[in-house]
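Below: the structure, in structure tokens.
The values are calculated or read from the model by the stated rules, or taken from the named source; none is laboratory data. Keep in mind the model is a prediction, meaning the values are calculated, not measured. We place every Cβ from the backbone using ideal geometry, glycine too, and count neighbours over all the protein chains shown. What goes into the accessible areas is simple: the full protein's heavy atoms, side chains included, and nothing from ligands, DNA or RNA. Shrake-Rupley method; radii C 1.70, N 1.55, O 1.52, S 1.80 Å.
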Amino acid sequence: MNDDLILRQEALVENPTARLPVCLVLDTSASMTGAPITELQEGVSTFFAQLLADDVAEYSAEVAVVTFGGNVDMAVDFAAVTRQTVPSLTAGGMTPMGEAVEAALELLHTRKEEYKRAGVDYYQPWLVIMTDGAPTDNISKASRLVDDLVREKKLAVFAIGIGKDADMNELAKLSGGRPPLKLKGLEFGQFFLWLSASVGRVSQSVPGNKVDLDPVAAWASV
């Protein structure tokens with residue numbers, strides 16, 4: 001057993017609070033160069049800051065970040081947000097969205113298994129996908145995996161299109177039956193404020209109880 005895994009398991013034992021794992025799958029391809037990647041960076045920083053400012057969420061929320069821009073990279077692995085650093089995002093390359101979603105689902109599966117081994121309860125995992133274009137790889141496997149998990153109520157998906165060139169039809173194939181949503185302009189900050197508030201709301205509920213989240217309503221201010 002490697003040192004990282006031992007530390008991750010010890011952290012779960014030290015803090016047995018029920019966890020909400022949230023995996024951000026972020027488009028960092030070349031088309032995000034300039035203002036989009038800058039605004040996305042600030043939005044992600046806001047997300048982490050808001051979670052740390054919430055007395056409940058800071059102990060229950062766990063965030064992983066997967067980026068796809070040329071390569072698929074695990075920018076941040078799951079851990080308590082108090083132990084994490086906001087990743088530095090740079091834009092470049094193509095848009096391997098299918099591979100990124102598959103990697104994110106594998107991260108979520110691994111973390112759920114760690115919860116189970118530690119006897120820690122957890123909420124339905126969240127997958128947040130944000131892209132300003134269309135996938136440049138095959139997304140059929142990722143779409144099938146997402147659909148299966150959503151149907152089994154093992155995953156909640158928030159698929160977000162950025163700007164006028166986001167292919168909403170392709171994104172819909174990865175949204176688990178929930179219509180993908182379009183970000184107005186580059187209002188990443190407003191979206192991540194809503195997301196962090198929603199994480200806080202779920203963190204205060206009882207695992208297994210349904211908490212209604214209406215992302216469409218949030219778009220009145222985004």
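Observations on the model:
- Subset tally (residues that are modelled with pLDDT of 95 or more, outside any loop (DSSP other than H, G, I, E, B) and open to solvent by 10 Å² or more (accessible area, probe 1.4 Å)) for region 9-34: 2
- Residue within region 202-220 that is touching a Phe, Trp or Tyr at 6+ places or on another chain (Cβ under 6 Å), modelled with pLDDT of 95 or more and buried (at least 17 other Cβ atoms within 10 Å of the Cβ) present: no
- Top-ranked residue in region 142-163 [being within 16 Å of THR95 (Cβ to Cβ) and not hydroxyl-bearing (Ser, Thr, Tyr); ranked as surrounded by the fewest Cβ atoms within 10 Å (Cβ to Cβ)]: GLY163
- Odd one out for ALA64, checked against (1) more than 22 Å from SER205 (Cα to Cα); (2) touching a Cys at 6+ places or on another chain (Cβ under 6 Å): (1)
- VAL65 vs. criteria assigned to a strand (DSSP E or B) and under 16 Å from the mean Cα position of the chain (by Cα): yes
- Looking across region 119-132, the residues that are open to solvent by less than 30 Å² (accessible area, probe 1.4 Å) and either more than 10 Å from MET97 (Cα to Cα) or of a type in the set (A, V, I, L, M, F, W, C) (or both) come down to VAL120, TYR123, PRO125, TRP126, LEU127, VAL128, ILE129, MET130, ASP132.
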